[in-house]
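Quick note: the coordinates plus some simple rules give every number you see, no bench work behind them. The structure displayed is predicted, hence computed values, not measured ones. No Cβ is skipped: glycine too gets one built from the backbone with ideal geometry, and neighbour counts run over all protein chains shown.
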Amino acid sequence: IIAWRSGTGTGQLRIGTMSGTGVDATVTLGTTYTFSAVATGDQPNSICIAMLSTSKFVIAFRDTGTSNKGSWIVGTITGSGASATVAFNTKTQFHNSPVCTSQNSLSLLTLDSNRVIVFYDNNWASLSAIIGTVSGSGTTALITSGVLNSSFNTTVIRNARDIAARDL
């Protein structure tokens, strides 16, 4: 899965299938999907993806459309290859205050097949983390936020795996 902010400010993604190996490998990309359609100037930034399974993933991003609050959305993949389709649940906020406006303010990590943890700079105040638990799939998928942990000893997110191994 490749995700980006388009030139018009929407959050978009495509699913790719790789065939071959080495320098002869090729990637075939499927349909472009929009996961965050917003007005110009209200764009998703710091986009991160965590795979829960081969058919389910979470996207976390800094949502400038909500004054840089942290948002996430669940995607469910049906089918495979270039003909795969994606359905999204409704975007929700994992933090109702602005997360840092730095481009490197988020990091997302899969904990298991139903949980992710998002690390973010809490508006330059502290490094914080929230665990999200996913249930259901497609447009009815639900992601619930766990308890906020803001006791980390750094304000720079370098690598979520290192932080998780050290501090959780």
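So what are the ³J(HN,Hα) numbers for segment 132-139, from phi and the Karplus equation (6.51, -1.76, 1.60; θ = phi - 60°), rounded to whole Hz, Gly and Pro as x?
These are the phi-based 3J(HN,Hα) values: x, 10, 9, 9, x, 8, x, 6 Hz.
Check N68: other-chain or 5+ apart residues with amide H under 5 Å from its amide H, H built from backbone geometry?
Amide H neighbours of N68: D63.
Give me the extension gain from D24 to A87: residue separation times 0.36 nm, minus the current Cα-Cα distance, reported in nm with one decimal.
19.5 nm is the gain from fully extending D24 to A87.
For a quick protection proxy, order the peptides 23-29, 85-91, 134-140 by their average other-Cβ count within 10 Å, most packed first.
85-91, 134-140, 23-29
Residue by residue through segment 70-82, which ³J(HN,Hα) values in whole Hz follow from phi under the Karplus form 6.51 cos²θ - 1.76 cosθ + 1.60 (θ = phi - 60°), with glycine and proline marked x?
Taking θ as phi minus 60°, the curve returns x, 10, 8, 8, 9, x, 10, 9, 10, x, 8, x, 5 Hz for segment 70-82.
Could you pull out which residues in segment 44-86 have an amide N less than 17 Å from a spot 7 Å beyond the Cα of T17, following the Cα-Cβ vector?
The answer is 54-56, 77-86.
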